[in-house]
Structure formats: structure tokens, C-alpha cells
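Encoded as C-alpha cells, the structure appears first; notes follow it.
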Amino acid sequence: MDPSRISLRRFQLSDVDDFLKWASDDKVTRYLRWNTITSPEDALTYLEKIAIPQTYRPSICLDDRSIGYVSIKPGSGDDKCRAHLGYAVSAEYWGQGIATIALKMAVSDAFKEFPGLVRLEALVEVENMGSQKVMEKVGFLREGLLRKYGFCKGEIRDMFIYSFLETDLIK
């Protein structure tokens, strides 16, 4: 995949159709904490109320069309030194290196965007081998297994915790 075709930008309401295409896919939302979005109205509401207002939740775009997102949520108070990273990419584009390229861009942005940030964390379900590979390709370190840690889709699941420090090098 030519990296010049991939960009991160704020979601726009005009992304609703492209967003719905991947956000309505159960394969994409399987490991996300939010449920599959099934209607244009719900997609528009999600963009208006959740995606657009967040400080850092850009759309991953291929040729300026939304095919996913990256989210970085910094802590507050004494926890502002770390932030949680999450992402999703349309299943149509899995295995093409797009998530890896987009996350490298986001990691680079994160330490500029959030003063005082020294650590990014990502939780990846044990079954989600694809995301584990992406994390490692970007340069995240798998720190350990958190048993019965995350609640998702009605189950408490085991998670791997990954970290990337401000002093780490993007691969």
C-alpha cells in the first residue's frame, strides 16, 4: 500500500455513508466496545455526538474516504502522562498495512498533541491476532496478560496490554 494514499483527518458529517459501510460490519466491531451501527441515522448521530467532538479521534482515510478511525484518550489529573489508543479498519482493507501506517502517524501525533504524555497504552483481546501484529509492527511492547480484564459484548475477556513510550522508536 502506498502510504501517500493514507491520511488521518477529523471526521465530517459527509463521511456518514463511508463510516456506515465499515461500522455496520460485525467483523469490524467484534472487538470494539461499541455495537455495530445499523442505520444511517445512528451513524450520523455517532459522528455528531461521539466522533467529531472528541479531541483525538480522526478518521483513517484512503484517498480521503473514511475506512476506519484511531482514538487516543489521554488521562486526566495525575494520569495525564498516559493515554489509551484504540482503532478499527474496514475488513475490506485488512492485511494491507493500512492500520500499521495509520497508527504510526497517530503515535507520532500523540506526543505532539498532548503535552506531558509519556505513555500510550492499548488493550488487545487475546483472540485478536491481527491487532497484536499491528501493535508490534508499530513498535508497541507487549507488557503482559490481563486476565478477565475487559468487558466487551457481554463477556469479560482476557486482554494483552501494550505500551509505547515517548522515548520508543516507531518501527
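The values are calculated or read from the model by the stated rules, or taken from the named source; none is laboratory data. Remember, it's a predicted structure, so these values are computed and weren't measured experimentally. Cβ atoms come from the backbone with ideal geometry, glycine included; neighbour counts cover every protein chain shown. Calculation scope for accessible area: heavy atoms of the full protein, side chains included, ligands and nucleic acids excluded. Shrake-Rupley method; radii C 1.70, N 1.55, O 1.52, S 1.80 Å.
Figure legend. Inter-residue proximity from segment 3-27: first residues over 20 Å from L103 (Cα atoms), second residues open to solvent by 30 Å² or more (accessible area, probe 1.4 Å) and among the β-branched types (V, I, T), beta-carbon distance below 6 Å, spacing 6+ or different chains. Indicated pairs: S24/T36; S24/T38; D26/T36. Any idea which of (1) in a strand (DSSP E or B); (2) open to solvent by less than 40 Å² (accessible area, probe 1.4 Å); (3) of a type in the set (S, T, Y) is the one Y149 doesn't satisfy? Result: Y149 passes all but (2). Among the residues of segment 27-51, those identified as among the charged types (D, E, K, R) and more than 16 Å from the chain's Cα centre (by Cα) are E41, D42, E48, K49.
Inspect all residues belonging to segment 13-26 and state whether any of them is in contact with a helix residue (DSSP H, G or I) (Cβ under 9 Å, 6 or more places away or on another chain) and small (G, A, S). Scanning segment 13-26, I find at least one residue that is in contact with a helix residue (DSSP H, G or I) (Cβ under 9 Å, 6 or more places away or on another chain) and small (G, A, S), so the answer is yes.
Restricting segment 98-135 to residues that are open to solvent by 50 Å² or more (accessible area, probe 1.4 Å), touching a residue at least 12 places away in the same chain (Cβ under 8 Å) and in a helix (DSSP H, G or I), which is farthest from V70 (Cα to Cα)? Applying the filter and picking the extreme gives E113. Residues in segment 117-165 that are of a type outside the set (V, I, T), closer than 26 Å to S76 by Cα and within 18 Å of the chain's Cα centre (by Cα): 21 in all.
Since S14 meets every condition but one in (1) surrounded by 13 or more Cβ atoms within 10 Å (Cβ to Cβ); (2) assigned to a helix (DSSP H, G or I); (3) among the hydroxyl-bearing types (S, T, Y), which condition does it not meet? For S14, the exception is condition (1).
Among the residues of segment 28-43, those that are hydroxyl-bearing (S, T, Y) and in contact (Cβ under 8 Å) with a residue 24 or more places away in the chain comprise T29, Y31.
Here I50 passes the criteria (1) in a strand (DSSP E or B); (2) surrounded by fewer than 20 Cβ atoms within 10 Å (Cβ to Cβ) except the one numbered (1). Checking the conditions here, which among W22, W34 is in a helix (DSSP H, G or I) and out of contact with any Lys or Arg (no Cβ under 9 Å at 6 or more places or on another chain)? Residue meeting the stated conditions: W22.
Among the residues of segment 79-87, is any over 25 Å from I37 (Cβ atoms) and assigned to a strand (DSSP E or B)? Looking for residues that are over 25 Å from I37 (Cβ atoms) and assigned to a strand (DSSP E or B), one finds at least one in segment 79-87, hence yes.
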